[in-house]
1. With every protein chain kept in place and ligands, DNA and RNA left out, what is the accessible area per residue of the range 28-373? Probe 1.4 Å, answer in Å².
2. How many nm is it between the label spots at Thr25 and Asn71, if each spot is 7 Å from the Cα in line with the beta carbon?
3. What are the semi-axes of the equivalent ellipsoid for the range 159-213, taken as the square roots of 5 times the Cα gyration tensor eigenvalues, largest first, in whole Å?
4. For the range 91-141 and the range 325-375, write down the distance between their C-alpha centroids in whole Å.
5. Give the share of C-alpha pairs in each 5 angstrom bin for the range 269-343, from 0 to the last occupied bin, in whole percents, shortest bins first.
6. So which of Lys46/Lys189; Lys41/Lys328; Lys41/Lys325; Lys138/Lys189; Lys108/Lys192; Lys91/Lys192 end up more than 25 Å apart, counting from Cα to Cα?
7. Considering only protein heavy atoms and a 1.4 Å probe, what is the carbon-and-sulfur percentage of the accessible area of the range 263-375?
8. Looking at the chain as a GNM with Cα springs under 10 Å, which of Gly86, Gly335, Gly131 has the largest mean-square fluctuation?
Amino acid sequence: MKTAIFQFILVIFLFSCTSKPVPPTINPQAFDKVIDGKQVKLYTLKNQKGMEITVTNWGGRIVSWLVPDKNGVREDVVFGYDSINGYLNAKENYFGASIGRYGNRIAKGEFSIGDIHYKLAQNNGVNSLHGGVNGFSKKMWDVVQKSAGELSLKLVSPDMDEGYPGELSVSMVYRLTNDNELVIQYDAKCDKPTIINLTNHSYFNLHGAGNGTILDHQLTINADFFTPIDSTLIPTGELTPVGNTPFDFRTPTPIGSRINSEDQQIRFGLGYDINYVLNKKTDQNVSLAASVFEPESGRLLEVFTDQPGIQFYTGNFLDGKYPGKKGKTYGYRTGLCLETQHFPNSPNQPKFPTVQLDPDQVYAHTCIYKFSVKK
Ligand code: GLA
């Protein structure tokens with residue numbers, strides 16, 4: 001009897017091993033390194049649905065994200081490197097990074113709060129991009145708590161860090177639910193009036209990272225307006241209706257169908273690189289901002305947020321020069337970012353929703369990336 005039970009268990013075990021190929025996970029030892037006197041590590045989050053995410057405390061980055069397709073086969077759908085050195089040696093594309101203090105661009109790296117004028121690093125032509133030269137994407141975050149499905153990180157950014165005023169304390173939680181959602185919750189407080197706009201910069205390809213195009217992915221963005229840009233990708237301050245433009249994704253549309261349109265805004269971005277004004281009933285609620293569906297795998301990604309905007313970027317600056325995980329390369333327009341955010345250059349655009357954070361206020365931002373399959 002015992003032998004029969006054992007054989008039965010063995011058969012089930014072997015079957016479960018062969019029916020769904022599991023790609024090897026990343027070797028956590030390849031992330032062991034001391035940076036700024038702190039230990040870099042790789043952390044794994046798992047749920048009961050076969051989803052698995054790895055995160056490193058260097059830059060608070062999402063490194064890998066295994067997502068089942070319609071047959072239950074898991075693929076890693078985000079860009080990244082197999083080791084910490086991969087990140088340190090490559091051109092900065094912000095793969096999976098936590099971005100701060102200010103996601104996207106601030107014109108000429110300048111802004112004022114009241115009578116005080118501040119000057120930031122100009123690391124993108126004349127503009128400041130993604131928090132400057134040594135933004136949150138390159139800082140060591142402290143791990144506050146870790147459980148099977150949750151990782152809490154903390155960062156204290158000192159007064160005048162990269163030119164931003166006030167000591168800012170940031171807490172960021174990655175929580176993987178059994179509904180295949182990754183909930184990213186940011187909270188921050190500052191001891192002086194400052195500005196803030198945090199976001200996550202994961203690049204997704206729902207075929208699997210490095211497995212070809214995103215131009216066949218069907219995108220929906222719940223936005224009637226976008227913020228048009230100048231040639232340095234700074235918003236002009238206007239809100240333009242999406243109707244009759246290549247930026248209209250109010251119904252599911254393949255990303256590639258209009259990406260090469262003769263359109264000044266597409267030309268400035270070299271493809272899609274634009275902030276959308278999300279349709280919202282109130283400022284506070286988390287609601288569906290965008291969704292991406294890839295018909296071959298059946299993977300569907302939905303993005304929910306309480307933020308007023310979302311940056312849609314099609315990887316137009318990628319060059320595929322630095323081999324990523326398992327030696328795969330990430331070429332021009334092979335990954336897409338959907339960055340929940342306040343509008344770029346808001347500190348210099350009084351008409352945009354404010355990004356000022358005063359000492360008596362708490363900054364809070366929720367972004368949820370939810371995966372499912374559609375057959
Ligand atoms: C953002 C910007 C892009 C580009 C990438 C990083 O998404 O909108 O213009 O700078 O980051 O390469």
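1. Numbers: 13070 Å² over 346 residues.
Value for the range 28-373: 38 Å² per residue.
2. Using points 7 Å along Cα→Cβ, the separation is 2.4 nm.
3. On the way: eigenvalues 206, 54, 9 Å².
Over the Cα atoms of the range 159-213, the semi-axes work out to 32, 16, 7 Å.
4. After rounding, the separation between the Cα centres reads 14 Å.
5. Cα pair-distance distribution for the range 269-343, in percent: 3, 15, 18, 19, 19, 14, 8, 3, 1.
6. On the way: Lys46/Lys189 30 Å; Lys41/Lys328 22 Å; Lys41/Lys325 17 Å; Lys138/Lys189 20 Å; Lys108/Lys192 23 Å; Lys91/Lys192 34 Å.
Check vs 25 Å cut-off fails for Lys46/Lys189; Lys91/Lys192.
7. Details: 2440 of 4650 Å².
That fraction is 53 percent.
8. Maximum fluctuation in the GNM of the chain, among the listed residues, is at Gly86.
The values are calculated or read from the model by the stated rules, or taken from the named source; none is laboratory data. This structure is a prediction, so every number in the text was calculated from the model and none was measured. Heads up, the Cβs are rebuilt from the backbone with ideal geometry, glycines too, and the neighbour counts pull from every protein chain shown. Note: areas computed on protein heavy atoms with side chains; ligands, DNA, RNA excluded. Shrake-Rupley method; radii C 1.70, N 1.55, O 1.52, S 1.80 Å.
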